[in-house]
Amino acid sequence: MGKSAMDGWPGELRSGVLALAVLSQLNEPRNSANLIRILEQRGLLENPGTLAPMLRQLEKQKLLLGDWEGAGDRPQKYYTLSEKGADAFSQMTEEWRKVAEELQKLIEGDGSDDID
Amino acid sequence: MTLIDRYVGEVVRRVPAKERDDIGKELRATLEDLLPLGYAEKEERELLMKFGDPAVLASKYRSQPRYLIGPAFFDAYVTLLKIIIPVVVTVVLMVLIITTIFSSAGEASVASVVGGLFADGIAAVVDTAVNVFFWVTLVFFIIEWVDRTNRATGKTPIVLPEKGWTPDDMASEQELMPKNRVIPRSEPAFDLIWTAVWVSVYFNADKLIGIYEGSASGLDFTTPAFNQTVLLSYWPLVLLTVILQIIMDVWKWARRRWDFRMATYNLALQTLTVLVFILLFTNAEIFTEGFILELERIFGSADALNWIVGGLLFTVALFAVIDVIQGFRKTFMKEGSSLKKWRMGKGSS
C-alpha cells in the first residue's frame, strides 16, 4: 500500500480490537510483557506502549484483576479475567463474530448483493 | 540512572499525581521484563524507541479529556453564545444610550455627549461580550464537569433536552437561499439602537437641540430650539410609533426574511413615522420664540428655519421611501424568479 488515505487504517483496526485480543488471553494469569510478546508475535500490536494504559483501564473497569507477584528487585503484575470481564469477553466475542461474518459475506459477495 | 528510569520518570510526571506510583511501577516492570537479563544499552534504546514518545504514552493514561467543554455540549454552547451575545449587547447599548442622554442632557454639549457615548459604547460592548462569554462558558464547564463525574461514578449522563435529529430539523428551503434575501440580525439591532437615540432626544430636546455658543469653558447651550411642552403634547403618537417600530424590529429579528405582510407593515409604519414628523414640524409653536429670534439675528431672517425643517422632512421622507421600496423589492425577489431559478439550478445539478 502506497501513501494513501488508508495508511492509518491497519493501526486503527488493530487498536479497535486490542481489548478483545487482551481479554482472550487472560483465562490464565499473564503479565503485560507476556501479553506484548504474544500479541506482537501475531502482528496484532502496532505499538507496545498502548498495552499498559489499556490494561490499567480494563482493571479500573473491574474487567481484570491485577496481582503483584514476586517481591524484591523485579516484581511483576499478573492479570486475570474477573467474572465481569468474562461476561464482557463473551459479549465482545459474539459481536466480533457477527461483524466478521457479515464483512466476509460482503467482501466475497454471496449472491445477495443485488437486493437493492 | 538508567534509560528506563528516565523514561518512566518522563511518563509519570505527566500523569495524575495519585496514580503516579502505580503507573510507574507497572511500566517499569513491563519494560524490564521485555529485556533479556544483563541487557545492553543498545537493546534498552531499541525497546524505548518502540514504546515511543513518553508524552504520547502518558496521554494514553489520561482518562480525563483535556477540554473544557466536550462534544456532548459544544454545539449547544456555541448556539447559545451566538444568540445571547447579540441580544445582550443590543440591550446594553440601548440602555446606555438612553441613560446617557437623559442624565447628561443640558449639562454638556452634544459633541461631548456623543464623543463620550461612543467611547462608553465600545467599552460596554467589549465588556458585555467578555462577561457573557465568561459566564456562559462557566455554566457549561460546570455542566460538563458534573456530567463527567456522573459518568465516572456510573450515574446516568446528562442529556440535553433535545429530541434528537429528524429530517424536519434541516434548514428550510428559505433558510438555504442565497444570503441577500436574508435580513441580517444586525439590522433590527441597529434599528432598535437608533430608535433609542430618537426617543431619548425627543424627551430631552429642550436640553440638547438649540444654539450653542463658544465661550471660555467650551460650548455653552444658550437657546433651546424646542418648546418642550408643545413637543411633549404629541407623546401618545410618538409612543405609538415607537411601539410599532419595536414590533417591526422583533419581527425582523425572529423571521429574518422579507415577505409581503412584513413589507406592507413596513409601508404603514414608515408612512406613520413621516406623518408624525410632518405633524410635529409644521406646528410653528414647537419652536421657541428665542430660537427664532436668534436665527433671525444670525441669518438675517427666519427663512433659515424653513430650509432646515424642509431639509429634515425631505431626508426623513426619502429614507422612509427607500426603506419601503427595499422591503417590497426583497419580498418579490424572494417569491419571484430567484427562488425558481435557485430551485431549477438545484434540480439540474
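The values are calculated or read from the model by the stated rules, or taken from the named source; none is laboratory data. Predicted model, so just to flag it, every value in this text is computed and none were measured. Using ideal geometry, Cβ is built from the backbone for each residue, glycine included, and neighbour counts are taken over all protein chains shown.
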Go through segment B:274-290 and give me each residue that's of a type outside the set (Phe, Trp, Tyr), free of Cβ contacts under 8 Å to residues at least 60 places away in the same chain and in a helix (DSSP H, G or I).
B:VAL274, B:LEU275, B:VAL276, B:ILE278, B:LEU279, B:LEU280, B:ALA284, B:GLU285, B:GLU289
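Residues B:LEU138, B:LEU160, B:LEU81: which one is over 29 Å from B:PHE203 (Cα atoms), out of contact with any Gly (no Cβ under 6 Å at 6 or more places or on another chain) and modelled with pLDDT under 85? It would help to see each step written out before you state the result.
Working: B:LEU138 fails: modelled with pLDDT under 85; B:LEU81 fails: modelled with pLDDT under 85.
None of the other options fit; the residue is B:LEU160.
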Flag for A:ALA21 being away from chain B (no Cβ under 14 Å) and more than 23 Å from B:GLU46 (Cα to Cα):
yes
Tell me which of these B:LEU37 doesn't satisfy, since it passes every other one: (1) within 11 Å of chain A (Cβ to nearest Cβ); (2) over 24 Å from A:GLU46 (Cα atoms); (3) modelled with pLDDT under 80.
(3)
Within segment A:55-67, considering residues that are surrounded by fewer than 17 Cβ atoms within 10 Å (Cβ to Cβ) and at the interface with chain B (Cβ under 8 Å from one of its Cβ atoms), the one nearest to B:VAL8 (Cα to Cα):
A:GLN57
Looking only at segment B:168-182, decide whether some residue is within 14 Å of B:ARG256 (Cβ to Cβ), touching a strand residue (DSSP E or B) at 6+ places or on another chain (Cβ under 7 Å), at pLDDT below 75 and not in a helix (DSSP H, G or I).
yes
Starting from segment B:22-34, take each residue that is under 14 Å from A:ASN34 (Cα atoms) and facing chain A (nearest Cβ under 7 Å) and list its partners that are surrounded by fewer than 20 Cβ atoms within 10 Å (Cβ to Cβ) and of a type in the set (S, T, N, Q), counting only C-beta distances under 6 angstrom and pairs at least six apart or across chains.
B:ALA29/A:GLN76
Can you tell me which residues in segment A:41-53 are at the interface with chain B (Cβ under 8 Å from one of its Cβ atoms) and crowded, with 19+ Cβ neighbours inside 10 Å?
A:PRO48, A:GLY49, A:THR50, A:LEU51, A:ALA52, A:PRO53
For segment B:40-78, enumerate the residues that are in contact (Cβ under 8 Å) with a residue 40 or more places away in the chain, away from chain A (no Cβ under 11 Å) and charged (D, E, K, R).
B:GLU44, B:ARG45
Tell me, which helices (runs of 4 or more DSSP H) wholly within segment B:19-134 include 1 or more residues that are crowded, with 16+ Cβ neighbours inside 10 Å and among the aromatic types (Phe, Trp, Tyr)?
B:41-51, B:54-61, B:71-104
Assuming B:VAL87 fulfils every condition listed in (1) closer than 28 Å to A:ARG56 by Cβ; (2) more than 9 Å from every other protein chain (Cβ to nearest Cβ) apart from one, which condition is it?
(1)
When the residues of segment B:217-265 are narrowed to those that are touching a helix residue (DSSP H, G or I) at 6+ places or on another chain (Cβ under 7 Å), within 18 Å of B:LEU280 (Cα to Cα) and part of a loop (DSSP other than H, G, I, E, B), which ends up modelled with the highest pLDDT?
B:TYR234
